[in-house]
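Data block below; observations after.
The values are calculated or read from the model by the stated rules, or taken from the named source; none is laboratory data. Note that this is a predicted model, so its numbers are computed, not measured. All Cβ positions, even for glycine, are placed from backbone atoms using ideal geometry, and neighbour counts span all protein chains on display.
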Amino acid sequence: MDRVPNSTHWGAFTATVTGPGPAGLRVEPHPLDPDPSPLLDNIPGAVHHRSRVRRPAVRRGWLERGPGADPARGGDEFVEVDWDTAASLLAGELGRVRERHGNSAIYGGSYGWASAGRFHHAQSHLRRFLNQIGGYTRSVNTYSNGTSVVVLPHIVGTGGAAQVMSGGTSWPVIARHTELLVAFGGLRVSNAWVAPGGHARHSIGAHLAEGGGRGMRVANFSPLRDDLPDDVPGDWYSIVPGTDVVAMLALCWVLVDEGLADRAFLDRYTVGAERFIAYLRGEPDGQPKDPDWAAPRCGVPAERLRELARAMAARRTLMHVSWSLQRTEHGEQPVWAGVALAALLGQIGRPGGGFGHGYSSMADVGSAQGRYSLPSVRQGTNPVTDFIPVARISDMLLNPGEPFDYNGRRLRYPDIKLVYWVGGNPFHHHQDLTRLRRAFGRPDTVVVHEPYWTATARHADIVLPVTTTLERDDLGVGRGDSHLLAMKRALEPTGRDDYEIFAELAERMGVGKEYTEGRTSGEWLRHLYGEWRERLVGRGYDVPEFDRFWADGVFELPDRRDDRVLFAEFRADPAAHRLDTPSGRIELFSETVAGFGYPDCPGHPAWLEPHDWLGGPRAAEYPLHLIANQPATRLHSQLDMGGHSQGAKVAGRESIRLHPDDAAARGISDGDLVRVHNDLGSCLAGAVLSTDLRPGVAQLPTGAWFDPSGEEVTCAHGNPNVLTADRGSSRLAQGCTGQHALVEVERFEGEPPPVRAFEPPAFGEVAGAHRVR
Ligand code: PGD
């Protein structure tokens, strides 16, 4: 067979099928990509893996007793049924819930990354279908940057926030102009392999090399030295986790104290600087936020902070905050303090200076590509107004009818009877998985479409097998991407496409024609491409017809903006390009936020102690600060059974990095099996010792498939979300705070439970009925 193009969130590739099984599938980086990601190596071992869902399956307890709350969810066996039975059970249950409880009792928030591909985007189809049957309770924001997208509009306006989040100053400008890149949260290149929908050409390494070659230095503020690649010229500021705001406030204090703050910039482009400066000086609380105050809290010596502040004022400086910092309790504060620090420097709107957010959190941030809409399936309108901030899923399921705060509003959790999840793995992504298990026991019915028997599929009542991208045709392009790719089917399908499943359900529920608009999948691809092509041709671009594009396999997108500078227009003329904040300027003090009266998010950037940090009382019992960051060997939990991900496991478990001093104090050697625990739960992991961590810090990435099958530990495989607290960032954003937890680690003695995360569940039968035909 020929090499055919395809794509993932972590890059484009070609597939060649020479025979059955993993040995007969060759996956190679797409020739377009100058710096492909090693995550592609996970594909061959995963697509044929025994953990694939092969047939529709219904939980035995649900089949026998019918819908209802059930703590057995997640531990029960399944009964495989034919498609017709599954569809009729599901259509019947959707009808029952709508009739008896109304559409707001259906939770279709269904967060997750699903797969690349513009047409077969699982959540788009779920929403389109649910909207056509009367709507659903939705979720807002993401686990990635759900705190920033709420706080930034208060600081730089909704439009300004969109500019920050959708790309900011482009990388080529940074490479050419930035002299000092102060990177709070570092620049972890493995995160930048990934962008939603894919990224055809990975180029961040090249931009960093260009900047470094010109003399740009990076100040890496992180508890992890290797949050900055070795070959990038820079300095490590080994910071106590969760204290970035402390260091930022001290840098601000030095700028003010030494007369280095740009007063003219503050007067012309900001409001609230005086209130913020009064806080820095300690007027409200008697505590100046100077480097001597900061050093014992954040672990960076006072003199280094002073020197850095002076260097920042003397050079073209980009003040950068990674998304990881806002995935914490009080995650609003590092974002706001970062903008405040950049404002004091007065370089916002200048090439290579100012503020940046999320460079190296995702491949598309800083992309030079022009922004225009991509081919998309229309989702329709949702008549149900109920929603939750996405990370409040357990709260909602456990507390129906209870009030909660969000961004100045007091809302109530709806009473959910049916949870419908596609393209996501909450038993990977959510915090405090023990609590999530309890929450998943509450609804009447849980439905999941999945290619794999993930923990989420195991916690469902009705599981429908879906195809992977290698088993269907699609259009591949991410935000800020350089190319549109033909994603061509290479393998026979296992399961069905989400589209086919919803088309069948829609037909049974009387909205078949509305859902499909009479098109097959192939016709949809042509239709979406055609609509999109027309829009681009209308803007004067030359775009080939579908058949030409499909035969070529790739189309280079037009309109690169190598010179984009965040807030350049606002700087040039702040009256003509007002920000859409109440003042029209950058708000260093926000009357709006102050007016909400949230003690956990006051009206200006501030240091607020989180529950989990090494300077707090919890550290006496749990003295190691765990960083639960993004894995470098897979995307989230996807393809954890693949070769590249498995290659980094230690003793078959996820590897936890420990500083040698911390390990020695606990009698732990490299390669030992350890038990990581706190008051929320415990997991097993394999120890890897490294001086790239600050002492007192441990690092266990997310994404090891949750395995609650052992008796002794909450997860036998090493999923850190059994240790993270299910707590919103604050009442303002209610964002995910999974990045941090305090823990203790000990050697695991005795016979460890086997890892069963990738074994399909037990299958049984229910007398006579519902057999696979
Ligand atoms: P994925 O593993 O990508 O994780 O959480 P997310 O739920 O997105 O899950 C996607 C699932 O979709 C996979 O199980 C995959 O098999 C399935 N899938 C793929 N293609 C298809 C398809 O075509 N159809 C269907 N129906 N299913 C499909 C990620 C989330 O985790 C994110 S974005 C972040 S940033 C968070 N980060 C952290 C963190 O930093 N620290 C902690 N502790 N926790 C986090 N959780 C969050």
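Yes/no per residue for (1) aliphatic (A, V, I, L, M); (2) surrounded by fewer than 22 Cβ atoms within 10 Å (Cβ to Cβ); (3) on the phi < 0 side of the Ramachandran plot:
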{"site": "His659", "(1), (2), (3)": "no, yes, yes"}
{"site": "Asp662", "(1), (2), (3)": "no, yes, yes"}
{"site": "Ile668", "(1), (2), (3)": "yes, yes, yes"}
{"site": "Val674", "(1), (2), (3)": "yes, no, yes"}
{"site": "His717", "(1), (2), (3)": "no, no, yes"}
{"site": "Gly735", "(1), (2), (3)": "no, no, yes"}
{"site": "Pro754", "(1), (2), (3)": "no, yes, yes"}
{"site": "Ala757", "(1), (2), (3)": "yes, no, yes"}
Inset, instruction - Looking only at segment 502-513, decide whether some residue is touching a residue at least 24 places away in the same chain (Cβ under 8 Å), more than 23 Å from Pro31 (Cα to Cα), assigned by TED's automatic domain parsing to the domain that holds Asn425 and touching a His at 6+ places or on another chain (Cβ under 6 Å). - result: yes
Inset, instruction - Out of the residues in segment 104-140 that are more than 12 Å from the ligand (Cβ to nearest atom) and in a helix (DSSP H, G or I), state the one that is farthest from the chain's Cα centre (by Cα). - result: Gln132
Inset, instruction - Kindly indicate whether any position in segment 400-419 is within 16 Å of the ligand (Cβ to nearest atom) and surrounded by 24 or more Cβ atoms within 10 Å (Cβ to Cβ). - result: yes
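For the condition in a loop (DSSP other than H, G, I, E, B), more than 16 Å from the ligand (Cβ to nearest atom) and at pLDDT 95 or above, what is the one hit in Val688, Val755? Full working, then the answer.
Numbers: Val688 fails: in a loop (DSSP other than H, G, I, E, B).
Answer to the selection: Val755.
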Legend entry - Leu251 vs. criteria under 35 Å from the mean Cα position of the chain (by Cα) and under 27 Å from Ala568 (Cα atoms): yes
Legend entry - Of the criteria (1) surrounded by 13 or more Cβ atoms within 10 Å (Cβ to Cβ); (2) at positive phi, which one Gly518 fails: (1)
Inset, instruction - Output yes when any residue across segment 162-183 is surrounded by fewer than 20 Cβ atoms within 10 Å (Cβ to Cβ), over 22 Å from Ile416 (Cα atoms) and small (Gly, Ala, Ser), and no when none is. - result: yes
Legend entry - Of the criteria (1) within 16 Å of the ligand (Cβ to nearest atom); (2) within 30 Å of Gly476 (Cβ to Cβ); (3) among the aliphatic types (A, V, I, L, M), which one Ala368 fails: (1)
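Just for segment 451-468: of the residues that are closer than 21 Å to His120 by Cβ and part of a helix (DSSP H, G or I), which one is farthest from the chain's Cα centre (by Cα)?
Restricting to residues being closer than 21 Å to His120 by Cβ and part of a helix (DSSP H, G or I), the top hit is Ala457.
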Inset, instruction - Check whether at least one residue in segment 744-752 is within 14 Å of the ligand (Cβ to nearest atom) and under 27 Å from His330 (Cα atoms), and report yes or no. - result: no
Inset, instruction - Out of the residues in segment 504-532 that are farther than 20 Å from Asp84 by Cβ and among the acidic types (Asp, Glu), state the one that is nearest to the chain's Cα centre (by Cα). - result: Glu531
Legend entry - Qualifying positions in segment 337-367 - closer than 24 Å to Gly146 by Cα, in a loop (DSSP other than H, G, I, E, B) and of a type in the set (Gly, Ala, Ser): Gly358, Ser360, Ser361, Ala363, Gly366, Ser367
Inset, instruction - Could you list all residues from segment 635-650 that are in a loop (DSSP other than H, G, I, E, B), more than 18 Å from the chain's Cα centre (by Cα) and either crowded, with 21+ Cβ neighbours inside 10 Å or within 13 Å of the ligand (Cβ to nearest atom) (or both)? - result: Met641, Gly642
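Among the residues of segment 470-480, is there at least one that is more than 30 Å from Arg560 (Cβ to Cβ) and buried (at least 24 other Cβ atoms within 10 Å of the Cβ)?
Within segment 470-480, the subset more than 30 Å from Arg560 (Cβ to Cβ) is 470-472.
Still in the running and buried (at least 24 other Cβ atoms within 10 Å of the Cβ): 470, 472.
Checking segment 470-480: at least one residue is more than 30 Å from Arg560 (Cβ to Cβ) and buried (at least 24 other Cβ atoms within 10 Å of the Cβ).
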Inset, instruction - Among the numbered conditions (1) in a loop (DSSP other than H, G, I, E, B); (2) within 13 Å of the ligand (Cβ to nearest atom), tell me where Glu500 comes up short. - result: (1)
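Examine segment 432-450 for a residue that is within 9 Å of the ligand (Cβ to nearest atom), assigned to a loop (DSSP other than H, G, I, E, B) and buried (at least 24 other Cβ atoms within 10 Å of the Cβ), and state whether such a residue exists.
No, segment 432-450 contains no residue that is within 9 Å of the ligand (Cβ to nearest atom), assigned to a loop (DSSP other than H, G, I, E, B) and buried (at least 24 other Cβ atoms within 10 Å of the Cβ).
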Inset, instruction - Evaluate segment 309-318: report whether one residue or more is away from the ligand (no atom under 16 Å from the Cβ) and closer than 27 Å to Ser144 by Cα. - result: yes
Inset, instruction - Filter segment 74-101 for residues that are in a helix (DSSP H, G or I) and surrounded by fewer than 16 Cβ atoms within 10 Å (Cβ to Cβ) and give the result. - result: Asp84, Ser88, Gly92, Gly95, Glu99, Arg100
Legend entry - strands (runs of 3 or more DSSP E) fully within segment 1-67 counting 3 or more residues that are surrounded by 21 or more Cβ atoms within 10 Å (Cβ to Cβ) and in contact with a helix residue (DSSP H, G or I) (Cβ under 8 Å, 6 or more places away or on another chain): 4-8, 11-17
Inset, instruction - Report, ordered by the first and then the second residue, all pairs with beta carbons closer than 7 Å, sequence separation of six or more or different chains, a first member in segment 600-611 that is free of Cβ contacts under 8 Å to residues at least 60 places away in the same chain, and a second member that is buried (at least 19 other Cβ atoms within 10 Å of the Cβ) and not basic (Lys, Arg). - result: none
Legend entry - Hey, Gln123 under 14 Å from Val447 (Cα atoms), out of contact with any Pro (no Cβ under 9 Å at 6 or more places or on another chain) and touching a residue at least 60 places away in the same chain (Cβ under 8 Å) or not: yes
Legend entry - Test: Val422 is within 30 Å of Glu534 (Cβ to Cβ), within 16 Å of the ligand (Cβ to nearest atom) and in contact with a His (Cβ under 7 Å, 6 or more places away or on another chain): yes
Inset, instruction - Only one of these is of a type in the set (A, V, I, L, M, F, W, C) and within 15 Å of the ligand (Cβ to nearest atom): Ala632, Ala619, Ala606. Name it. - result: Ala632
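Yes or no, residue by residue, for (1) farther than 27 Å from His48 by Cα; (2) not basic (Lys, Arg):
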residue	(1), (2)
Gly652	no, yes
Arg657	yes, no
Asp662	yes, yes
Gly667	yes, yes
Gly681	yes, yes
Leu689	yes, yes
Arg694	yes, no
Ala698	yes, yes
Gly703	no, yes
Inset, instruction - Would you mention how many residues in segment 699-752 are part of a loop (DSSP other than H, G, I, E, B) and of a type in the set (A, V, I, L, M)? - result: 8
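Can you name every one of the helices (runs of 4 or more DSSP H) wholly within segment 533-624 that holds 1 or more residues which are within 28 Å of Val245 (Cα to Cα) and at pLDDT 95 or above?
568-572, 591-596
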